[in-house]
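Student: Input: one structure, supplied below.
The values are calculated or read from the model by the stated rules, or taken from the named source; none is laboratory data. On a predicted model such as this, the values are computed, not experimentally measured, just so you know. Cβ placement follows ideal geometry from the backbone for every residue including glycine, while neighbour counts extend to all protein chains displayed. Ligands, DNA and RNA are stripped out before the accessible areas are found, and what is left, the full protein with its side chains, is counted by its heavy atoms. Shrake-Rupley method; radii C 1.70, N 1.55, O 1.52, S 1.80 Å.
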Amino acid sequence: GDSVTQMEGPVTLSEEAFLTINCTYTATGYPSLFWYVQYPGEGLQLLLKATKADDKGSNKGFEATYRKETTSFHLEKGSVQVSDSAVYFCALSPIQGAQKLVFGQGTRLTINP
Amino acid sequence: DAMVIQNPRYQVTQFGKPVTLSCSQTLNHNVMYWYQQKSSQAPKLLFHYYDKDFNNEADTPDNFQSRRPNTSFCFLDIRSPGLGDAAMYLCATSRAGTANEKLFFGSGTQLSVL
């Protein structure tokens, strides 16, 4: 079945460091790919998405590119801030049928000042 | 302003004692979902409603039921909670349920089973 594998956390970085959180997926066909973020005490929020190969999703300085050849959707940010501390979830949705997200296990990110 | 509201934030129940978790939405979305997230694991879809049409995931235990009396509200009923049902339960909505659509999540209800 469909699955998502994320880089294990927790990840701790200093402010202004470069961030990469790896995500790879297994799916039939060409799913839509997402990154969701969960700030402390809040629900998951969509951070960015890409719906076809080579698409780049971006938001709040974060970027991820849909790579079909490597079945990957790595999250990157050039300079992280303390306010980026959160849990990040990579997810896919099969292209057919209803929106049924399959999540990775989440990566906890802590940014130190 | 919260658009998907889950109550309560923390719920404690006893082993075998039925419990109901609630979710409401102000978005007028057609689709409502319930996810289960155990500690350090990925959220897992239990079921979803498309309007009044209930869609159960194949591996969702019979112990879990859901009701959607109207567009705004959806309930998760656990008939006989076991220790393994302790988890965060997440409610989400989407407008039409198509594959590339954004989901809106509530803050979750953390269920403890004693």
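Student: Which residues, taken from region A:41-91, are within 10 Å of chain B (Cβ to nearest Cβ) and open to solvent by 70 Å² or more (accessible area, probe 1.4 Å)?
Tutor: If the condition is that a residue be within 10 Å of chain B (Cβ to nearest Cβ) and open to solvent by 70 Å² or more (accessible area, probe 1.4 Å), then A:42, A:49, A:52 are the ones that fit.
Student: Being modelled with pLDDT of 95 or more, within 15 Å of the chain's Cα centre (by Cα) and open to solvent by 30 Å² or more (accessible area, probe 1.4 Å) narrows it down to one residue among B:66, B:80, B:24, B:72; which is it?
Tutor: Within the list B:66, B:80, B:24, B:72, the selection yields B:72.
Student: Being assigned to a strand (DSSP E or B) and open to solvent by less than 60 Å² (accessible area, probe 1.4 Å) is the filter here; which residues of region A:4-16 pass it?
Tutor: Once the filter is applied, which keeps residues that are assigned to a strand (DSSP E or B) and open to solvent by less than 60 Å² (accessible area, probe 1.4 Å), region A:4-16 yields A:4, A:6, A:11, A:13.
Student: Further question on the same structure: From the list A:107, A:71, which one is touching a residue at least 24 places away in the same chain (Cβ under 8 Å), of a type outside the set (Gly, Ala, Ser) and at positive phi?
Tutor: A:71
The rows are residues; the columns are (1) within 23 Å of residue B:34 (Cβ to Cβ); (2) of a type in the set (Ser, Thr, Tyr); (3) out of contact with any Lys or Arg (no Cβ under 6 Å at 6 or more places or on another chain).
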site	(1), (2), (3)
A:23	no, no, yes
A:30	no, yes, yes
A:40	yes, no, yes
A:85	no, yes, yes
A:92	yes, no, yes
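Student: Output the residue which, of all residues in region B:1-21 that are open to solvent by 30 Å² or more (accessible area, probe 1.4 Å) and in contact with an Asp or Glu (Cβ under 8 Å, 6 or more places away or on another chain), is farthest from residue A:104 (Cα to Cα).
Tutor: B:18
Student: Hey, could you check region A:17-40 for residues that are open to solvent by 10 Å² or more (accessible area, probe 1.4 Å) and in a strand (DSSP E or B) and say which is nearest to the other protein chains (Cβ to nearest Cβ)?
Tutor: Applying the filter and picking the extreme gives A:38.
Student: Can you tell me which residues in region B:83-94 are over 23 Å from residue B:26 (Cβ atoms) and open to solvent by 10 Å² or more (accessible area, probe 1.4 Å)?
Tutor: Residues satisfying the conditions are B:83, B:84, B:85, B:86.
Student: Right, another one. Somewhere in region A:94-110, is a residue open to solvent by 10 Å² or more (accessible area, probe 1.4 Å), farther than 22 Å from residue B:92 by Cβ, assigned to a loop (DSSP other than H, G, I, E, B) and modelled with pLDDT of 95 or more?
Tutor: no
Student: Mind listing whichever residues of region B:27-63 are surrounded by fewer than 20 Cβ atoms within 10 Å (Cβ to Cβ), of a type in the set (A, V, I, L, M) and free of Cβ contacts under 8 Å to residues at least 12 places away in the same chain?
Tutor: Once the filter is applied, which keeps residues that are surrounded by fewer than 20 Cβ atoms within 10 Å (Cβ to Cβ), of a type in the set (A, V, I, L, M) and free of Cβ contacts under 8 Å to residues at least 12 places away in the same chain, region B:27-63 yields only B:58.
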